[in-house]
Structures are given as C-alpha cells and as structure tokens.
There are 2 protein chains.
Amino acid sequence: MQQQAFAEGTLPLYLRVRDQLAGQIDKGVLTPNTRLPSERILAEQFGTTRVTTRLALAQLEAEGKIYRSNRRGWFVSPPRLIYKPTHDYSFSDNVAAQGRVPETETLDVTATEANAWLATKTGLAVGDPVIWLRRRRQIDGRPVLVENIYLNATRLPGIETYDFNRSLWKLLREQYGVELKGKRIEMYPTALVDPQASAIGVTAGTAGLYVTRCSQDGQGGFIEFDEEFWLHDALSIQVEVS
Amino acid sequence: MQQQAFAEGTLPLYLRVRDQLAGQIDKGVLTPNTRLPSERILAEQFGTTRVTTRLALAQLEAEGKIYRSNRRGWFVSPPRLIYKPTHDYSFSDNVAAQGRVPETETLDVTATEANAWLATKTGLAVGDPVIWLRRRRQIDGRPVLVENIYLNATRLPGIETYDFNRSLWKLLREQYGVELKGKRIEMYPTALVDPQASAIGVTAGTAGLYVTRCSQDGQGGFIEFDEEFWLHDALSIQVEVS
DNA sequence: AAGTGGTCTAGACCACCAC
DNA sequence: TGGTGGTCTAGACCACTTG
C-alpha cells in the first residue's frame, strides 16, 4: 500500500495534485468558470483517494484559484473585481466598467431600531429608527456578496418605498441630494457562516472578507452603515490616499 | 456504525464539535494562546475520529478563532491587531500601543534591480537599482507577517547600511528627511504558499491577507514598495477618508 | 435515476518537536 | 523517546442537483 510516497521530490501528494491542476489553470487549459472533473474522476486520474483529492481542491480554493458551487462541482475562479471602498462607486457601474455583468437582489427591507452594536458603530442612539436592508449581489451570475445596510430613517424619510435593486448611492443623490463624504471602513478576512453562507449559496466555513463602511454626509451626519460579506476570491481592494 | 447522525437538530457532527469549542472560547474557558487538547483526545471526547475533529478545527481556523503552530498543536487566537495602512504608523509603535509586544527580524537585504513587475508597480524603469529587504514581524512572540520591501536606491543612497530591525518610517524621516505622502494600497485574501508560509512557520495553504503599499514623498517621487503577507486572523484593517 | 459534493469511519505511517 | 500534527488509504451513506 502506497503511503507517504515522497518520490518526486519532497512534496506531499496533495500538493503535487494541486500543482498539476494549478498548471492547467495558469496555462489556460482550464478557463474561468469551467467545471473541473468530478472529485471521483480526479482521484482516479491521480491514482489517489477522494480525501486527498479534496485536500488539493481545498488548497486551490484557499488560494482563490477555484470555487465550488453547492453540490454542482468545482469551477475555475474568474479574475477578482477591483473594488475601491473609499470611492462612491456604484457596484453595478464598477462591475460593468470591468466588462462583467452585475446583478442585485433585495432580500429584505425592514423598519427597525438601532441596537447597542449599531449605535456604537454609527453614533446613533439606541432606539433610533433605521431601515435595515439585505441585498445579494452577483457578478456574471455568481453571487459574490451579501450585505446588511442600515439607513438613517430620520435623515432619509420614506426611503423604504424605493426600489433597492439599483445603486443606493444614486438614489441618495437623486432623491435626497445627499453626497456621501466621510467614511470609516473596517475589514478583515474570516469564514462565512450562516446565515450569510446560505444566502450566497456556499458551505459554512467558506473563506470570506468582512467589510463595514460607515458613511456620513458633508456635515458629518450619519447616513448609512454598510456591512458586506464577500467571497474571498471575488475581490481585490484598492485604496489611494494623498 | 454511526454515520450522518443528524440527531441533535440538522447540524453535521463537525459543526457541533465546532460549536462546543467555539462556546468554550467565547465564554473564556479557553483564553488567547491557550493550547487546545490534542486532536486524538478531542476526537475521543466527542466520540468521533480525527478526520472529523480536524474538519471542526479547520472551520474554527477559517473563522480566525484558533491557529496552529507547526506541529505543536492548536491555540486560541488573540485579538486582531488594528492596522491602518494609510497612516504612517510604525508597526512597533502600533503593536505596543495596543498592549502587545512587537518584534522585527530582518531576514535578508539585497541590492538588486527593478524587474518588469516592480517597474509597473512603482513607476521605476526596468533595471533601476533597488534595495530588497525581507523582514518577519511578530506579535507577542507569534510571527504574523513577512514582507518584501523595495526601496528606491537612487533616492536613498546608503540605506542598505542601516539597521532594519526597527521602524523604517522613522529611519526615512530621521536620516533622509523623507515624509511619506501619497500611497497606493492594494489587498486581497489568499492562501499563504511557500516561501512565505515557511518563513512564518505555517503550513502552505494557511489563509492570509496579501497587502501591497506603494509610497511616495511629497513631490510624488517613488520611495518604497511594500509587499506584506499577513496571517488572516492577525489583523483588522481600518481606513478613514474625509 | 444518476451523479455530484458533503460527511464520516477506523485505521495507518511519517516528520517534527519537546523532553 | 513519546506525543503532536501532517498525510493517506479504502471504503461508506446522505442530501442535493441535474437531466
């Protein structure tokens, strides 16, 4: 029985499987959004078991080179979306400008009140009215993020009556004359867990990037707090300061 | 033989193991940098196998709640370091200000020339002289990042003669009168692979955050290009713009 | 209905670290 | 030297998606 065959150099088997697949991706044999052969077939091709094959696939997934779609299989990751959270970019415009197809779905709109956590993040008082908005956004048909948006209901009366399947930034400007100015952004890598994982349609534990953004108007009044849960391989963040 | 026992609710076993351990961490039974029981002992305690136990541990690792150290075991993650890449913060000062103990090791100093990749990132011409610096930085004795720094050798003559186990920012200011101004920052989550994984002392494939920072002086001249490879659970990024 | 990934078992040997 | 995680085998059944 073959165990720990460190024959070809010192690399463990699952990393050699990884290298083979990565090579096919880098050379363009496998192109973005192509489905890989099934785990059982890959295991047979590489003369190993599913467990080891899955180690290799998990490695490539961690590197952002492939992703999985529910129980449908493994796919080659498309290029990362360049995302500049300090700008007022519309998601839709930004995605389109990079030659991709955006889509936004509103999952949920709820009138509620600021809790303690939101109060410290926004400067609101506990109990202040907010509109809580949940959206899912896709690139080329792949869901890449879900977000919770908390809007200052006092500052933006009637906002819950609008269509949110579009750019919120444009809505604020056109209907309320608001230009977002000050922003406080915080982000860190973490795993996506439920309910966000389910909303995106990935397994709990999938690597993600958690981004929060607190925006004010020109006078320093709180407008919007945005909490985004991104797939870790879907974006590249860029920030410029002078 | 017990397989797929979805008895207590619908959660798979490895997620129930995860929840138990996460509860002990959140309740403070297990405190930062505490070692968890060994995988074999955990497997026995939860009445399962090592493979399933490792699934639970990998989940917690992905969430940033625990980390592993070489072959020494699993440990509870300390709080994330708050990091503001747009500021001129010194790593050492920043870590110390958050009540932690910083350490910097210079791995390597090399005089070399800009290649095509570096040229596009910095605005230098291919072949321009640069000083290439590799450093490893620790927090409370845990290595959390390695970095490649490329310094404009023309602009900073003799810089390779200084001690780099300290704040580079202070060195530039005190010895060259340089105040870093313009910055272009780019970052995305990805897995750490060799040689960075080895340098930090983690398994290849460990989740990380890749950060690059291009800094100029007040006149727009290129000073420094910094490429950082962070452990994904070690930091939280904050950016403020007005 | 067939095929996919998701979960799980019950073992094994190896490389490395601390003692 | 003994214990740790790292890697690996050869199977199994389950839940879901797709034709």
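Below, the figures for the structure above:
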read-out: Boolean, B:Ala22 is within 13 Å of DNA strand C (Cβ to nearest atom), outside the structural domain of B:Pro143 (by TED's automatic domain parsing), within 23 Å of A:Ala58 (Cα to Cα) and in contact with a helix residue (DSSP H, G or I) (Cβ under 7 Å, 6 or more places away or on another chain); value: no
read-out: Residue in the stretch A:90-140 that is farthest from A:Tyr162 (Cα to Cα), counting only those that are touching a strand residue (DSSP E or B) at 6+ places or on another chain (Cβ under 8 Å) and aromatic (Phe, Trp, Tyr); value: A:Phe91
read-out: Hits in the stretch A:38-73 - residues which are farther than 30 Å from A:Arg213 by Cβ and more than 14 Å from DNA strand C (Cβ to nearest atom); value: A:Gly47
read-out: Condition broken by B:Asp19, with the remaining ones in (1) within 14 Å of chain A (Cβ to nearest Cβ); (2) touching a residue at least 24 places away in the same chain (Cβ under 8 Å) satisfied; value: (2)
read-out: In the stretch B:147-181, the residues that are within 19 Å of B:Lys121 (Cα to Cα) and either more than 14 Å from every other protein chain (Cβ to nearest Cβ) or of a type in the set (Ser, Thr, Tyr) (or both); value: B:Glu147, B:Asn148, B:Ile149, B:Tyr150, B:Leu151, B:Asn152, B:Ala153, B:Thr154, B:Arg155, B:Leu156
read-out: In the stretch A:183-225, residue farthest from the other protein chains (Cβ to nearest Cβ) [restricted to those that are assigned to a loop (DSSP other than H, G, I, E, B) and aliphatic (A, V, I, L, M)]; value: A:Val202
read-out: Selection status of A:Asp140, within 14 Å of the chain's Cα centre (by Cα), more than 14 Å from every other protein chain (Cβ to nearest Cβ) and of a type in the set (Asp, Glu); value: yes
read-out: Filter pass, B:Val146 being in contact (Cβ under 8 Å) with a residue 60 or more places away in the chain and either farther than 24 Å from B:Glu186 by Cβ or not charged (D, E, K, R) (or both); value: yes
read-out: Pairs where the first residue, in the stretch A:116-136, is farther than 16 Å from A:Thr212 by Cα and the second is surrounded by 14 or more Cβ atoms within 10 Å (Cβ to Cβ) and among the aromatic types (Phe, Trp, Tyr), C-beta under 6 Å, 6+ apart; value: A:Val130/A:Tyr150
read-out: Subset of the stretch B:25-73 (residues that are more than 12 Å from chain A (Cβ to nearest Cβ), loosely packed, with under 12 Cβ neighbours inside 10 Å and of a type in the set (A, V, I, L, M)); value: B:Val29, B:Ile41
read-out: Extreme residue, nearest to the chain's Cα centre (by Cα), among residues of the stretch A:158-181 that are part of a helix (DSSP H, G or I) and of a type outside the set (A, V, I, L, M); value: A:Trp169
read-out: The stretch B:39-54 residues that are more than 8 Å from DNA strand D (Cβ to nearest atom), paired with ones that are part of a loop (DSSP other than H, G, I, E, B) (beta carbon under 6 Å, 6 or more apart); value: B:Ala43/B:Thr49
read-out: Residue match in the stretch B:84-97 (condition: surrounded by fewer than 17 Cβ atoms within 10 Å (Cβ to Cβ) and farther than 30 Å from B:Trp169 by Cα); value: no
read-out: Verdict on A:Val76 being within 16 Å of DNA strand C (Cβ to nearest atom) and within 14 Å of chain B (Cβ to nearest Cβ); value: no
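A quick yes/no check of all residues on (1) within 16 Å of DNA strand C (Cβ to nearest atom); (2) over 12 Å from the mean Cα position of the chain (by Cα); (3) farther than 22 Å from B:Leu124 by Cβ; (4) buried (at least 19 other Cβ atoms within 10 Å of the Cβ):
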position: B:Lys183; (1), (2), (3), (4): no, yes, no, yes
position: B:Ala191; (1), (2), (3), (4): no, no, yes, yes
position: B:Gln196; (1), (2), (3), (4): no, no, yes, yes
position: B:Gly201; (1), (2), (3), (4): yes, no, yes, no
position: B:Leu209; (1), (2), (3), (4): no, no, yes, yes
position: B:Asp217; (1), (2), (3), (4): no, yes, no, yes
position: B:Leu231; (1), (2), (3), (4): no, no, yes, yes
position: B:Ala234; (1), (2), (3), (4): no, no, yes, yes
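The values are calculated or read from the model by the stated rules, or taken from the named source; none is laboratory data. Here the structure is a predicted model, which means the values were calculated and not measured. Note that each Cβ is placed from the backbone with ideal geometry, even for glycine, and that neighbours are counted across all protein chains shown.
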